[in-house]
Amino acid sequence: MYTSRQIAEIIQGSVTGKSDTTILSIIIDSRSASSAGNALFFAIKGERQDGHKFIAELYEKGVRNFVVEQNPEQIANYPDACFIKVADTISALQQLAAYHRRQFTIPVIGITGSNGKTVVKEWLFQLLREDKNIVRSPKSYNSQVGVPLSVWQLRPENELGIFEAGISKPGEMGKLAAIIQPTIGLITNLREAHDENFQNHSHKTLEKLKLFNQATTLIYCADYPDIANNTGSVTCHEFVRWSKINPNVDYFIRIKKNEKDTLLESTSQSGTRSTITIPFTDEGSIENAIHCWIVLLRLGYENDLIRTRMLNLIPVAMRLEMKEGINNCLIINDSYNSDLGSLTIALDFLNQQKQHIKKTIILSDILQSGKEETILYKEVAQLLETKGIHRLIGIGKSIERQSHYFTIDKHFFESTEQFLQVFGGQGFQNEAILIKGARTFGFEQIARQLQQKSHETVLEINLNAVVHNLNYFRSRLKPTTKVMAMVKASSYGSGSYEIANILQFQHVDYLAVAYGDEGVELRKAGITLPIMVMNPEEQSYDAMIEHGLEPEIFSMRIIRLFNEAVRRRLPPGSGRSIPIHLKLETGMHRLGFEEEELEQLIVFLKENKTIQVRSVFSHLSSADDVSQDDFTQNQIARFDRMREIIISELGYPVLSHLLNSAGISRFSQAQFDMVRLGIGLYGIGWDEKEQKHLEFANTLKTTISQIKTIQAGESVGYNRSYIAKKAMCIATVPIGYADGLSRKLSNGKGRLLINGIAAPIVGNVCMDMCMIDISTLSAKEGDEVIVFGKEYPITQFAKDCETIPYEILTAISRRVKRVYYQE
């Protein structure tokens, strides 16, 4: 820990005001102020914003320590503040981070390259986290500001650091090298991005390689000539080369792609052969996985252990935002990068969305490609055709000049403004639209125009968190145990298709819905996974059979009715059979066959070959209740006995499944062939210990519509249920019980968060809005309000509502816009 005075000495700044505060966090964004009293704000001057403008706002929020390039004009307005004046705040931030890095002697992996930095970093974390306490760059913090913020995270308990570094012009990498000081270096690849800022490709390579001048080991792919030919500029102790082309390297790699995975074989210089399999087939993932493989080998890991861990690698999601659009469209907004590599990634993500056949891209001029214009857009045209894009809307003078290369349906506009005036929201219907533009084109205007209009309350779903939670529960299972993911009730309010799609991409084995029409909609949206319907209604049997849905059968009456429907649908002598799932009664006393009915059931199944049992299952009533463990064990035993009776008589393979999310963690001996994962996908653990391994996937947020000052004696809301005892400031926010906010939270029983501070609800919760007391905090109209999220977990929110997280999520109405993120 450092005091503000110590930091002033490190960065050679002059101090005005108090300087004895212990600094725990660094902030550069006024919107993300946390631990305000122990935070240090660097007032950075950027192209669009000047951090000095936000000093007053931050002071009101409780921040007292500032690094500035000039002191405020009215410094007397900040009597408790400490201002550290420096010539350049970014340089000061870098100087502080470099000093902090020198206090640690742990191994540090430094990663640079054109593409794959974040994926390699995250995969190394996945592969090594079981053995080491790792600090790594958050997200893609690899810039002149992001790197020092990443390295500042170093703490005494860390055993390994993994940091990525990116540059866009000469002179930048030397600064980052002084901050990261890697002991192990890795350069992923070298492509065209930012070429225009360097003399040539080789010049850019030399700049990137400066990261490794003090490293012990440098790992790289020798198939990139500019990298291989310039490593002589690096004063590094050991160079580790791998290649898919040249066998005269440290590791010669052979690749064999299968349908869903890729086998990699490595031959070392000593002739040792090793293999791993990765659950990916695309070229980028293969290259990234090889880099990780070599790093682990150089760290001394046995290949058998590496092979096991590689099989569990999960995709690293991209910075993409997915929303419902106008006229039944899907909008994918990606304005993070504008090079060919990121365009390919975005197009792949677009093609993962199966609910629309027609695919449109709105594409701006591609900047910083380093390619001659005609060559660049010829490649773009080929890429769009290869990826099956139906329509291009090009915005920018460069792409319009090269319009003749594009053979698909095409429209061109010189500017975003012209597009909005001429095209606007017209002409889009029942299609998936990728918005892919350089930031200077202001494509956020297009996104606002095309997204479905709704009020300002949104439910954000972090798809990264869903994937993380899925893989946590997978880690608790035997390798042979299958996963059935529950997507009933619109995936617990999170959106059936969107969640089903990512689960399909993550290769779960089964989905389960509540009713047949939910399954039909998933089929229409392109979901091909097997789907079990838990509450099949007689009127939906024909549709279920038509769309390949598999019903839960829980009584003799239901099995007879469904069998009659099957006989009507299947032609005589077809030889086909329709899968069903048998629900057994083991103590829940809701639905299911009783044990005394099994003999009759088995006779029926043997006599009717048009239906075939795919699985038998039951439901634990109290898997998350320790006090009921004896009852749960009795349920498990009863299920085991009943399923054996059925399976032994049928003479063909039948799956068995019993465990829900809590059961997976608490009763691993009862995994059988498959488990059913529901609320756990959204980060809800059965106890505090498990909760630490999960990530909350849902954030419900809104904004302040209006702020009012009321006097003592005045009332708030319906029925005058709240009377002010003194003058107070209240804010109205657009969320009410029609959105899913319980009326139980009225009159101080509930709270919402503004800038991390709790604001109690005053008055009765209305249908469309509620009022909160903001008298003790600083807020303004338009500020974000968190209903539940990371700072105020849904588990605590549910307790405040006197209910469970299941009800909270499923009660959020459809008028609340769902926004999906992959970072």
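The values are calculated or read from the model by the stated rules, or taken from the named source; none is laboratory data. Just so it is clear, the structure is predicted and the values come from calculations on it, not from any experiment. Glycine also receives a Cβ, built like all others from the backbone with ideal geometry; neighbour counts cover every protein chain displayed. For accessibility, only protein heavy atoms count, side chains too; no ligands or nucleic acids. Shrake-Rupley method; radii C 1.70, N 1.55, O 1.52, S 1.80 Å.
Below 28 Å, Cα to Cα, which lysines can K85 reach? Residues fewer than 8 away in the same chain don't count.
Partners within reach: K18, K45, K53, K61, K169, K175.
If I model a spin label at K749 and T776 as a point 7 Å from the Cα along the Cα→Cβ vector, what separation in nanometres do I get?
2.1
Please express the shape of segment 243-291 as an equivalent ellipsoid: the semi-axes are the square roots of 5 times the eigenvalues of the C-alpha gyration tensor, given largest first in whole angstrom. Before the final figure, lay out each step's value.
Working: eigenvalues 78, 23, 13 Å².
Result for segment 243-291: semi-axes of 20, 11, 8 Å.
For segment 373-452, take the alpha-carbon Rg, divide it by the Kirkwood Rh, and send me Rg/Rh. Provide the component values of the computation, followed by the final result.
Working: Rg = 12.5 Å, Rh = 13.3 Å.
Rg/Rh: 0.94.
Whole-Hz ³J(HN,Hα) for each residue in segment 608-618, computed from phi via Karplus 6.51 cos²θ - 1.76 cosθ + 1.60 with θ = phi - 60°, x for glycine and proline: what do you get?
10, 7, 7, 10, 9, 6, 8, 7, 10, 7, 8
Send over a whole-number figure in Å² for the accessible area per residue of segment 1-89, probe 1.4 Å. Show your work: numbers first, answer last.
On the way: 4700 Å² over 89 residues.
Accessible area per residue, segment 1-89: 53 Å².
When Lys and Arg each count +1 and Asp and Glu each count -1, what net charge do the other residues less than 15 Å away from D773, Cβ to Cβ, add up to?
Numbers: positive: K708, K725, K726, K749, R751; negative: E714, D783.
Combined, the nearby Lys, Arg, Asp and Glu give +3.
For the pair S168 and L570, how long in nm is the line joining their label points, each one 7 Å along Cα→Cβ?
Rounded to a tenth, the inter-label distance reads 6.2 nm.
Give me the net charge of L176's neighbourhood, meaning all other residues with Cβ under 13 Å from the Cβ of L176; Lys, Arg count +1, Asp, Glu -1. Display every interim value, and only then the final one.
Numbers: positive: R101, K117, K169, K175, K208, K210; negative: E164, E172, E207.
After counting each charged neighbour, the total is +3.
List the lysines whose Cα sits under 18 Å from the Cα of K436, skipping any in the same chain fewer than 8 residues away.
K323, K358, K359, K378, K387, K397, K410
Taking the mean number of other Cβ atoms within 10 Å as a proxy for protection, how do you rank 230-243, 155-168, 761-774 from highest to lowest? Walk me through the numbers on the way to the answer.
Numbers: 230-243: 16.4, 155-168: 19.6, 761-774: 22.1.
So the order, starting with the most tightly packed, is 761-774, 155-168, 230-243.
What order, most packed first, do the peptides 252-259, 677-684 have when packing is the mean number of other Cβ atoms within 10 Å of each residue?
Values: 252-259: 13.2, 677-684: 24.5.
With the highest mean Cβ count within 10 Å placed first, the list reads 677-684, 252-259.
How much of the accessible area of the chain, in percent, comes from carbon and sulfur atoms when a 1.4 Å probe is used? It would help to have the intermediate numbers written out before the result.
Working: 16850 of 35700 Å².
Summing carbon and sulfur atoms, their accessible area is 47 percent of the total for the chain.
Would you mind working out the accessible area per residue for segment 569-698, using a 1.4 Å probe, and quoting it in Å²? Walk me through the numbers on the way to the answer.
Values: 5850 Å² over 130 residues.
Heavy-atom SASA per residue in segment 569-698 reads 45 Å².
Using R₀ = 25 Å, calculate the FRET efficiency as 1/(1 + (r/R₀)^6) where r is the Cβ-Cβ separation of Q445 and T810; round to 0.05.
After rounding, the FRET efficiency stands at 0.10.
Output needed: percent of Cα pairs per 20 Å distance bin for the chain, bins running from 0 to the one holding the longest distance.
Whole-percent P(r) values from 0 Å outward: 13, 40, 37, 9, 0.
Quick one: accessible area per residue over segment 187-291, 1.4 Å probe, rounded to a whole number of Å²? Numbers along the way, then the final one.
Numbers: 4850 Å² over 105 residues.
It amounts to 46 Å² per residue over segment 187-291.
Describe numerically, in nm with one decimal, the distance between label points set 7 Å from Cα along Cα→Cβ at E649 and at R720.
Each label point is offset 7 Å from its Cα along the Cβ direction, giving 7.1 nm.
Can you list the HN-Hα couplings for segment 574-591, worked out from phi with the Karplus curve (6.51, -1.76, 1.60; θ = phi - 60°), rounded to whole Hz and with x for Gly and Pro?
So the Karplus estimates, Gly and Pro as x, are 5, x, 7, 9, 9, x, 9, 10, 8, 9, 10, 7, 10, x, 6, 6, 10, 9 Hz.
Could you give the length gained on full extension between Q796 and E417, defined as 0.36 nm per residue of separation minus the Cα-Cα distance, in nm?
Numbers: separation 379, 0.36 × 379 = 136.44 nm, distance 4.56 nm.
My answer for the length gained is 131.9 nm.
Taking just the alpha-carbon atoms of segment 678-777, what radius of gyration and Dmax come out, in angstrom?
Rg, Dmax (Cα atoms, Å): 16.0, 48.
Can you compute 3J(HN,Hα) from phi for each residue in segment 463-479, using the Karplus curve 6.51 cos²θ - 1.76 cosθ + 1.60 with θ = phi - 60°, rounded to whole Hz and x for Gly and Pro?
After applying 6.51 cos²θ - 1.76 cosθ + 1.60, I find 5, 4, 5, 4, 5, 4, 5, 4, 6, 5, 5, 4, 5, 8, 9, 5, x Hz.
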